[in-house]
Amino acid sequence: MRPPGPDAISAGSAERPSAAANPGSALLRYVGKVLAVADMEVRKLRHDPMELLTRAIQPTLWLLVFGEVFAHVRAIPTGNLGYIDFLAPGILAQSVLFVSIFYGISVIWERDLGILHKFLVSPTPRTALVLGKALSAGVRALSQAVIIYLLALVLGVGMDWHPAALGGVVLLVMLGAALFSTFSLIIACIVKTRERFMGIGQVLTMPLFFASNAIYPIDIMPEWLKAIAHVNPLTYEVDGLRALMLAGGQTSFGFGTDIGVLLGVLAGLVTIAGWMYPRIVV
């Protein structure tokens, strides 16, 4: 079966009732276009399934090497949690970040191949294009969640297997991937070349990771780093994951706050990316 292209995304545009007259139908069409873009992006994995396996190497090293060493020396205070238990949600959030932050390079490839021009001349709203790519990044990131859960099970981490907790983890992983992939699209629209994009992506990933609560608690940070951590979206993703993944896990900010911050930042980034998306071809 051939993946849907730009023509499929814009299909049905000939008969288009007024959005004001039928807002429900307009919303369904919008959601359909988002899902079509996401489906097209996810199908690319069929051509490169090894990507999922190579993505598993880094979190494995963090948990098995970094985690085991610091658990042995007990250098980082984590309260009642063992360090591996404390680290596992942070490494999941890190994996989601690393998968998503380089997602924007696909837009540069699409521009160079002429695919992006076909999208932009279609009647598909720009925000639907952005949300479709963000959703596909979330689906890709779920593979990292499976890998981290398997590793945590092998390492004896006390996991919460309640369906509601698992559903919350899926939601947070999808939101985090969507947020950072949309941020990546904005960067791609600004720099416009693959070489510059890769350089900026590499510069941004480690500060975002280390200026969060992924590998150590916020309480032990210096004051200036605490301030940065509190405005870092990754901090709120880790906080929510730590509460949901671990048996007896707790959240520092409140699960509602974690979700609210991620949704708010995502909404702002999607708005900006939708406005900037056509500018990448200029």
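The values are calculated or read from the model by the stated rules, or taken from the named source; none is laboratory data. This structure is a prediction, so every number in the text was calculated from the model and none was measured. Here the Cβ is made from the backbone with ideal geometry for all residues, glycine too, and neighbour counts use every protein chain on show.
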Item to check | Unmet criterion (only one of (1) of a type outside the set (D, E, K, R); (2) under 25 Å from residue 71 (Cβ atoms); (3) touching a Leu at 6+ places or on another chain (Cβ under 8 Å)) for residue 251 | outcome: (3)
Checklist outcome for this item: Residue count, segment 80-95, condition of a type in the set (Ser, Thr, Tyr) and either outside any helix (DSSP H, G or I) or loosely packed, with under 14 Cβ neighbours inside 10 Å (or both), comes to 0
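Within segment 169-217, how many residues are hydroxyl-bearing (Ser, Thr, Tyr) and farther than 24 Å from residue 274 by Cα?
So the count comes out to 2.
Kindly indicate which of 212, 136, 143, 184 is touching a residue at least 60 places away in the same chain (Cβ under 8 Å) and either surrounded by fewer than 16 Cβ atoms within 10 Å (Cβ to Cβ) or part of a loop (DSSP other than H, G, I, E, B) (or both). Reasoning before the result, please.
Numbers: 136 fails: either surrounded by fewer than 16 Cβ atoms within 10 Å (Cβ to Cβ) or part of a loop (DSSP other than H, G, I, E, B) (or both); 143 fails: either surrounded by fewer than 16 Cβ atoms within 10 Å (Cβ to Cβ) or part of a loop (DSSP other than H, G, I, E, B) (or both); 184 fails: either surrounded by fewer than 16 Cβ atoms within 10 Å (Cβ to Cβ) or part of a loop (DSSP other than H, G, I, E, B) (or both).
Just a single option satisfies the conditions, and that option is 212.
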Item to check | Residues satisfying the stated conditions in segment 244-266, i.e. of a type in the set (A, V, I, L, M) and touching a residue at least 40 places away in the same chain (Cβ under 8 Å) | outcome: 244, 245, 246, 247, 259, 262, 263, 265, 266
Checklist entry - Are any of the residues in segment 63-79 of a type outside the set (Asp, Glu), closer than 26 Å to residue 168 by Cα, modelled with pLDDT of 85 or more and surrounded by 15 or more Cβ atoms within 10 Å (Cβ to Cβ)? => result yes
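Residue by residue through segment 96-113, note down the ones that are in contact (Cβ under 8 Å) with a residue 12 or more places away in the chain, in a helix (DSSP H, G or I) and either closer than 9 Å to residue 181 by Cβ or out of contact with any Lys or Arg (no Cβ under 7 Å at 6 or more places or on another chain) (or both).
Our first condition is that a residue be in contact (Cβ under 8 Å) with a residue 12 or more places away in the chain; within segment 96-113, this holds for 96-109, 111.
The next check asks that each one be in a helix (DSSP H, G or I); those that pass are 96-101, 105-109, 111.
Result: 96, 97, 98, 99, 100, 101, 106, 107, 109, 111.
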Checklist entry - Restricting to segment 146-157, what's the tally of residues that are surrounded by fewer than 17 Cβ atoms within 10 Å (Cβ to Cβ) and either modelled with pLDDT of 90 or more or in a helix (DSSP H, G or I) (or both)? => result 4
Checklist entry - Can you tell me which of 267, 273 is touching a helix residue (DSSP H, G or I) at 6+ places or on another chain (Cβ under 7 Å) and either farther than 14 Å from residue 172 by Cα or among the hydrophobic types (A, V, I, L, M, F, W, C) (or both)? => result 273
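In segment 140-166, what residues are under 15 Å from residue 244 (Cβ atoms), under 16 Å from the mean Cα position of the chain (by Cα) and among the small types (Gly, Ala, Ser)?
Taking segment 140-166 as the starting set, the residues that turn out to be under 15 Å from residue 244 (Cβ atoms) are 142, 145, 148-149, 152, 157-166.
Cutting the leftovers down to under 16 Å from the mean Cα position of the chain (by Cα) gives us 142, 145, 148.
Scanning segment 140-166 gives a single hit, 145.
Among 174, 198, which is modelled with pLDDT of 90 or more and under 28 Å from residue 42 (Cβ atoms)?
Numbers: 198 fails: modelled with pLDDT of 90 or more.
When all the criteria are applied, what remains is 174.
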Checklist entry - Does any residue in segment 150-179 that is touching a residue at least 40 places away in the same chain (Cβ under 8 Å) and closer than 26 Å to residue 101 by Cβ come within less than 9 Å, Cβ to Cβ, of a residue that is among the basic types (Lys, Arg) and surrounded by 17 or more Cβ atoms within 10 Å (Cβ to Cβ) six or more places away or on a different chain, and which pairs are these? => result 177/140; 178/133
Next on the checklist: Can you find a residue that is touching a residue at least 60 places away in the same chain (Cβ under 8 Å), touching a Ser or Thr at 6+ places or on another chain (Cβ under 9 Å) and crowded, with 16+ Cβ neighbours inside 10 Å anywhere in segment 224-233?
Outcome noted: no
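Just need a number here: residues in segment 226-244 that are assigned to a helix (DSSP H, G or I) and more than 8 Å from residue 212 (Cβ to Cβ). Show your work before the answer.
Keep residues of segment 226-244 that are assigned to a helix (DSSP H, G or I), which gives 226-229, 233-244.
In the following step, the residues that additionally are more than 8 Å from residue 212 (Cβ to Cβ) were identified as 226-228, 233, 236-237, 239-244.
Final tally of qualifying residues: 12.
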